[in-house]
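Reviewing the structure listed below.
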Amino acid sequence: MTTAFFSHPDCRRHDMGAGHPECPQRLDAIDDHLLATGLDIALERHDAPLVDLKDVELAHTHHYVAELKDLLEQIEASGERRALDPDTAACPGTWRAALRAAGAAVAATDAVLDGRAENAFCAVRPPGHHATRDEAMGFCFFNNVAVAARHALDVRGLKRVAVIDFDVHHGNGTEDILAGDERVLMVSFFQHPLYPYSGAVPKGTNMVNLPIPPYTRGGELRELIEANWLPALEAFRPEMIFISAGFDAHREDDLGQLGLVEADYEWITLRIKGVAERHARGRIVSCLEGGYNLSALARSVAAHLRVLTGV
């Protein structure tokens, strides 16, 4: 069995402007590091397809999807960049990048469920976990993980899936979409207070939120995960696990003030993999979210992938 690696050149064509931290070079840094370390040979590479908008509408409203499609196609035709909010901009390459990012998550889900891969990682952008049911925000347009989770449930017929979010920022969009859906258990940690200034009070009983203060280090976080995430995941017995894999809680990343290092991402991934092996036949789909220090991002993704691949 293999780890499938989904990406596409279109994901590099989304560019929010000079100096923006969510930049195309993030994917280059990951690829370069995987090649330099030889980890790329343990991965089975796949081009991310364009998502079917019917899958997107499992997580987002029809009105939102239609409006976003119209706007991003206008921008594509005009050749101009346009700001959607102070943090999020669209350019002519954004529409196809968003379609590829969500398409990767769905295709990875199918590959794992069909037994063509044991698990999968989607090296895609734009990220997704801030995109709510009906709003683009925080660098995100479609909520890739929420789309994939709903595809697993509504199209592929699973009964229970878990979503694990370890980005430094609260996955408010994923919570907005999945809160109250008892087929889903979402567990997360995030620095608080920090953008998007939410998550301290969970929106549903199917949410296990761990807001943690600035300068928390890996040892403290591991204790919180052992005490809060793992018992909930064991009791829930998910049939598949989806990961919003943000690496901006790394101590070298300037967008947050947490103190994680590569060994912490390795430890977290090992714990997730253990749950997947006990309850979900090892089925994991992980999608890139944050991580803006290029070196720390590349090293942390490699630590994550070494566990997923078992090398």
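The values are calculated or read from the model by the stated rules, or taken from the named source; none is laboratory data. As the structure is a prediction and not an experimental result, all values here were calculated from the model. Glycine gets a Cβ as well: all are built from the backbone with ideal geometry, and neighbour counts include every protein chain shown. Just the protein is used for accessible areas: all its heavy atoms, side chains included, with ligands, DNA and RNA removed. Shrake-Rupley method; radii C 1.70, N 1.55, O 1.52, S 1.80 Å.
Within the chain, which DSSP H helices have Cα atoms that stretch 27 Å or more along the helix axis and a mean Kyte-Doolittle hydropathy of at least -1.0?
Working: long enough: 94-113 (29 Å, 0.85).
Qualifying helices: 94-113.
With every atom except the alpha carbons ignored, what do you get for Rg and Dmax of region 5-85, in angstroms?
16.1, 45
Residues with amide H under 5 Å of LEU84's amide H, sequence separation 5 or more or different chain, H placed in the peptide plane at 1.01 Å from N; which?
ALA89, ALA90
So, by mean Cβ neighbours within 10 angstrom, what's the order for 33-43, 127-137 with the highest one leading?
Values: 33-43: 15.2, 127-137: 24.4.
In descending order of packing, they fall as 127-137, 33-43.
Compute the Cα gyration tensor for region 131-171, then decide on rounded, prolate or oblate, letting a ≥ b ≥ c be the square roots of its eigenvalues: rounded whenever a/c is under 1.5, prolate when a/b is larger than b/c in the other cases, and oblate in all that remain.
oblate
Which lysines does LYS203 reach when only Cα atoms under 22 Å apart count, and residues fewer than 8 places away in its own chain are ignored?
Counting by Cα, and skipping residues close in sequence, LYS203 has these lysines nearby: LYS159.
Taking the Cβ of CYS91 as the center, what net charge do the other residues with Cβ under 13 Å away carry, scoring Lys and Arg +1 and Asp and Glu -1?
Counting the neighbours of CYS91, the net charge comes to 0.
Binning at 10 angstrom from zero up to the longest distance, how are the C-alpha pair distances of region 9-50 distributed in percent?
With 10 Å bins starting at 0, P(r) equals 25, 45, 28, 3.
Taking the simple approach of a point 7 Å from Cα along Cα-to-Cβ for both ASP134 and ALA83, what is their distance in nm?
2.5 nm
What shape does region 1-152 have by the C-alpha gyration tensor, where a ≥ b ≥ c are the square roots of the eigenvalues, rounded means a/c under 1.5, and otherwise prolate means a/b greater than b/c and oblate the rest?
Oblate, because a/c is 1.5 or more while a/b does not exceed b/c.
Show me, for region 7-12, the HN-Hα J-couplings you get by feeding each phi into the Karplus relation (A = 6.51, B = -1.76, C = 1.60, θ = phi - 60°), rounded to Hz, glycine and proline as x.
7, 6, x, 4, 5, 8
Starting from the amide H of VAL163, placed 1.01 Å from N in the peptide plane, find each other amide H under 5 Å away whose residue is 5 or more places distant or on another chain.
Amide H to amide H, under 5 Å and 5 or more residues apart or across chains, VAL163 pairs with LEU185, MET186, VAL187, PHE242.
Find the eigenvalues of the gyration tensor of the Cα atoms of the chain, then list the square roots of 5 times those eigenvalues as equivalent ellipsoid semi-axes, largest first, in whole angstrom.
So the three semi-axes of the chain are 25, 21, 21 Å.
Per-residue ellipticity at 222 nm for the chain, helices alone: DSSP H runs ≥ 4 residues times -39500 (n - 2.57), over residue total, nearest 500 deg cm²/dmol?
Calculated at 222 nm, the ellipticity per residue is -11500 deg cm²/dmol.
Could you work out Rg/(2.2 N^0.38 Å) for region 203-288, with Rg from alpha carbons only?
1.12
Applying 1/(1 + (r/R0)^6) with R0 = 25 Å to the Cβ-Cβ distance of ASP32 and ARG222, what FRET efficiency is obtained, to the nearest 0.05?
Values: r = 30 Å, r/R0 = 1.18.
Rounded to the nearest 0.05, the efficiency is 0.25.
Looking at the chain, identify the longest residue range that excludes and avoids all chymotrypsin sites (Phe, Trp or Tyr not before Pro) in DSSP loops having at most 15 other Cβ atoms within 10 Å.
Value returned for the longest uninterrupted segment is 1-196.
I'd like the isolated cysteines in the chain, meaning no second cysteine's beta-carbon lies under 4.7 angstrom from theirs.
CYS11, CYS23, CYS91, CYS140
Given a 1.4 Å probe, how much area per residue of the chain is accessible, in Å²?
On a per-residue basis, the chain sits at 37 Å².
How much of the accessible area of region 155-311, in percent, comes from carbon and sulfur atoms when a 1.4 Å probe is used? Don't jump to the answer; show the numbers that get you there.
Numbers: 2880 of 5640 Å².
Carbon and sulfur: 51 percent of the exposed surface of region 155-311.
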